[in-house]
Amino acid sequence: MRHLLSFGLLALMALNSNATHIIGGEIYYDHLGGDQYRVFLKLYRDCGPGNVNNTQYDAAATIGVFGGDGSALFTQSLPFPGAERVPVVLDNPCLTAPPSICVELATYTGVFTLPARPDGYHLTFQRCCRTPTIINIPNADDLGLTCTVRIPGTENRANSAARFEVYPPIVLCLNEALSFDHSATDPDGDELVYELCTPYNGGTPGDPIPTPTAPPYVEIPWAAGYSEGYQMDTDPAIAIDASTGLLTLRPTLAASYTVAIRVKEFRNGVLLSETRRDFRFDVVPCQSTVSAAIAPQSVWCDDLTMDFNNVSPTGSVWEWDFGEAGSEMDTSSLHSPSWTYSGPGTYNVTLMANPGLTCADTTVATFEVYLQPEPTFALPGPVCSELVTELVAEGEFGPSATYAWNLGPNTLPPTANTPTVSAQFPTVGVTTVSLTVTDNGCVGVYAGDVSAFPPPTAFFSVFPPSPQSYGTDVGLQDGSSGNGGTIVDWTWYANGSSIGSGQDYTWSSPVPGTYDLVLQVTSADGCTSNYSIPYEIIEVPIVIPNVFSPNGDGRNEQFSILNIEQHKNNLTIFNRWGMSVYETSNYRNQWSAVGVPDGTYYYELILQDGRSYTGHLTLLR
């Protein structure tokens, strides 16, 4: 009857044992020096897909700190650090655990300040509740756990607790013997002694996250037929070697069990502390059929590296052969490896599950490995005219590749399927050209822009017409055409030198000479055009008198220079001692020698074009 009940519970576990509950934990610490201790709380929870309660980890774990005499001192919260999945590992590679088994681990940590105290400290965490399908304790979902550890008194306060390094297997296979190294390490090198123990209870369904209470703590009750020395159905009974920590058992009943082990820490024969580990064993009928399977090829055209996806439903050890002829390195023992082939081709890939065992299985899959074509072609231009050019397909692909050109709807021809094509592009601006190469069913595409822009036509008019006397302002008026483009720059030249910019321009008082006036226009597409007109500026002579008489008779009243108004200039008049008596820019025959006595004076006239005139003049009234 008991076995029937256990199998009934196992069936229930398969449906609902994945309800997320705390299934075990432990607490230990490191002495950091002085009064500082880093505390580690490891909590394990059921995360199976059949969970209906979906109870998550707490946002913080509260640690109660008590004196060695049990007096409550304070509590400290440790923030949730995130959780990690605990892998399901079986000793026998021919067996496979059910996929519904899932356990997560969260390790809460924090630094505690604990001054020296003769009786030391107790650090305690409590939480309810356990998984209801556990059969070796009654009403498991009404019971919680207490994780507690002691820090020795003043004499041995510089102590770090022992800690278990490896978590026991989550799943045990029914009727399969287990030998598990459950040993711990101690940072101080203290003597460690192992033994089975009874887990502590903690919390209630009505108060699942209690404020930790002071020691001593209440142990959980064992269900009928179970005890501290016989914690689960095994033959021989579960046992742990006191010196080595080797845990041995062979489960005989499929069910869930709570198990607890503690390691005691001695120094010079004195018990300093103990670390208890409370955990759950799930005993299940394991599948023994092994089947090797490779996922069908899904990528053909990438590079020579292939990723192989192992979809074997069972198996734990793998042997791959990637079918590379002449290579002894084309093997792997990874679950889902990658391999880079030496060249394209068809390869037979072999996967063996559990090679060398009686449960081995082998499968072979054919993979076709091709390189992705990488076409390209040289882009002509840009040009400022109609473009006739030859495009040649280049790049990485085989001799049996096919070609598809898309040259644009206004191009002659608009399409082609040969490796070389002669194309005529109109002056419509940017035309996108694409080349598609297909090789072994793999497709590669390359695209680029061919630019053929309409050139502008430069033109301008000049006013007044040539020739003109020196000092004349010459107007240059644009009459250019963009021919479908947009002119954005106008630059004016005279005999090769820039004289200005802008759509219309006034050329102020050019010096005498013969000029080749040029307008260069530039479109927004960078295309240019020039237009030129010859132009002549005639010399106007300068005539400077050597005498004038500002006596008020209305004749010869100013120092008058003939044609001076057609020149920009600077004029200076000096007396015979070299002192300036008159100075001006752009002289326009206005000096009448007011306040200057009669006599001989000297002048210096400098024109804008650099010419200079000097001489003397007589002032007579």
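Numbers below:
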quantity: Subset of region 446-458 [modelled with pLDDT of 90 or more and not in a loop (DSSP other than H, G, I, E, B)]; calculated: Tyr446, Ala447, Gly448, Asp449, Val450, Thr457
quantity: Set Gly471, Gly429: member being at pLDDT below 90 and in contact with a helix residue (DSSP H, G or I) (Cβ under 9 Å, 6 or more places away or on another chain); calculated: Gly471
quantity: Members of region 377-404 found to be buried (at least 16 other Cβ atoms within 10 Å of the Cβ), touching a Phe, Trp or Tyr at 6+ places or on another chain (Cβ under 9 Å) and not in a loop (DSSP other than H, G, I, E, B), listed by number; calculated: Val383, Leu387, Thr389, Leu391
quantity: Any hit, region 86-105, residues being assigned by TED's automatic domain parsing to the domain that holds Ser273, part of a loop (DSSP other than H, G, I, E, B) and among the small types (Gly, Ala, Ser); calculated: yes
quantity: Residue that is surrounded by 20 or more Cβ atoms within 10 Å (Cβ to Cβ), of a type in the set (A, V, I, L, M, F, W, C) and either in contact with a Leu (Cβ under 9 Å, 6 or more places away or on another chain) or assigned by TED's automatic domain parsing to the domain that holds Thr275 (or both), where the choices are Phe125, Phe180, Phe112, Phe80; calculated: Phe125
quantity: Hey, Thr133 crowded, with 18+ Cβ neighbours inside 10 Å and at pLDDT 85 or above or not; calculated: yes
quantity: Residue count for region 348-362, restricted to those that are surrounded by fewer than 16 Cβ atoms within 10 Å (Cβ to Cβ) and under 20 Å from Gln297 (Cβ atoms); calculated: 2
quantity: Top-ranked residue of region 563-621 - restricted to ones that are aromatic (Phe, Trp, Tyr) and without any contact (Cβ under 8 Å) to a residue 24 or more places away in the chain, ranked as nearest to Tyr470 (Cα to Cα); calculated: Tyr582
quantity: From Ala224, Ala242, Ala292, residue being in contact with a Leu (Cβ under 8 Å, 6 or more places away or on another chain) and either among the aliphatic types (A, V, I, L, M) or not assigned by TED's automatic domain parsing to the domain that holds Leu196 (or both); calculated: Ala292
quantity: Filter result (exposed (fewer than 15 other Cβ atoms within 10 Å of the Cβ) and closer than 26 Å to Ala158 by Cα) within region 235-265; calculated: Ala242, Ser243, Thr244
quantity: Strands (runs of 3 or more DSSP E) contained in region 459-510 and holding at least 2 residues in contact (Cβ under 8 Å) with a residue 24 or more places away in the chain; calculated: 460-463, 474-478, 487-494, 504-507
quantity: Matching option when the condition is under 30 Å from Pro455 (Cα atoms), of a type outside the set (S, T, N, Q), surrounded by 13 or more Cβ atoms within 10 Å (Cβ to Cβ) and without any contact (Cβ under 8 Å) to a residue 60 or more places away in the chain, among Gly429, Gly408; calculated: Gly408
quantity: Residue in region 518-545 that is surrounded by the fewest Cβ atoms within 10 Å (Cβ to Cβ), counting only those that are assigned to a loop (DSSP other than H, G, I, E, B) and not small (Gly, Ala, Ser); calculated: Pro541
quantity: Test: residue in region 410-422 that is over 17 Å from Pro375 (Cα atoms), in a strand (DSSP E or B) and modelled with pLDDT under 90; calculated: no
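Residue by residue, here is whether (1) at pLDDT 90 or above; (2) of a type outside the set (Val, Ile, Thr); (3) on the phi > 0 side of the Ramachandran plot holds:
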| site | (1), (2), (3) |
| --- | --- |
| Glu536 | yes, yes, no |
| Ser549 | yes, yes, no |
| Asn563 | no, yes, yes |
| Thr584 | yes, no, no |
| Gly599 | yes, yes, yes |
| Ile606 | yes, no, no |
| Asp609 | no, yes, no |
| Tyr613 | yes, yes, no |
| His616 | yes, yes, no |
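Condition check ((1) more than 30 Å from Gly189 (Cα to Cα); (2) within 42 Å of the chain's Cα centre (by Cα); (3) not aliphatic (A, V, I, L, M)) across all residues:
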site	(1), (2), (3)
Leu105	no, yes, no
Pro118	no, no, yes
Pro132	yes, no, yes
Pro138	yes, no, yes
Ala158	no, no, no
Val166	no, yes, no
Pro169	no, yes, yes
Leu172	yes, no, no
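The values are calculated or read from the model by the stated rules, or taken from the named source; none is laboratory data. Everything numeric in this text was worked out from a predicted model, so none of it was measured. Neighbour counts are summed over all protein chains in view; Cβ atoms, including those assigned to glycine, are modelled from backbone coordinates with ideal geometry.
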